[in-house]
Amino acid sequence: MLGNKVLKFVNKFKCLGITIDNQLSCHSQIEVICKSFVQKENQLKRLKYLSKDTLQPILIALFLLLFIAI
């Protein structure tokens, strides 16, 4: 209890964009990042017809966005 409110137990939650689990480990956050990266990678595979010069800035921007979000 906190004051007169009952606190609910959860296995994990998201706070300021970071996933925190009940063990205070980074495993849940790493899973979230990997899942996001795989989804973005699959989207990029659809762009395989683009030239390397076109794809390179897109890949760099994606990489930076993923790790800024951490």
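The values are calculated or read from the model by the stated rules, or taken from the named source; none is laboratory data. The shown structure was predicted, so the numbers you read here are calculated from the model rather than taken from an experiment. Cβ atoms come from the backbone with ideal geometry, glycine included; neighbour counts cover every protein chain shown. Only protein heavy atoms, including side chains, enter the accessible area calculation; ligands, DNA and RNA are left aside. Shrake-Rupley method; radii C 1.70, N 1.55, O 1.52, S 1.80 Å.
What the table shows:
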| read-out | value |
| --- | --- |
| Rounded accessible area of ILE68 (nearest 10 Å², 1.4 Å probe) | 130 Å² |
| Dipole magnitude (debye, nearest 20) for the chain, charges at Cβ of Lys, Arg, Asp, Glu | 220 debye |
| With all protein chains modelled, accessible area of PHE13 [1.4 Å, Å²] | 100 Å² |
| Inter-site label distance for GLU31 and TYR49 at 7 Å from Cα along Cβ, in nm | 3.8 nm |
| Rounded FRET efficiency, nearest 0.05, which uses the C-beta distance separating GLN39 from CYS15 and R0 of 25 Å | 0.70 |
| Positive-end residue, the chain charge dipole about Cα centroid, Cβ charges, pick of LEU64, ASN42, ASN22 | ASN42 |
| For Rg and Dmax of the Cα atoms in Å, calculated from these coordinates, the label among (1) 11.8, 37; (2) 17.9, 61; (3) 10.4, 28 | (2) |
| Net charge, PHE63 excluded, C-beta distance under 15 Å - Lys, Arg +1, Asp, Glu -1 | 0 |
| Mean separation of Cα contacts under 8 Å, 6 or more apart, over the residue count of the chain: relative contact order % | 24 percent |
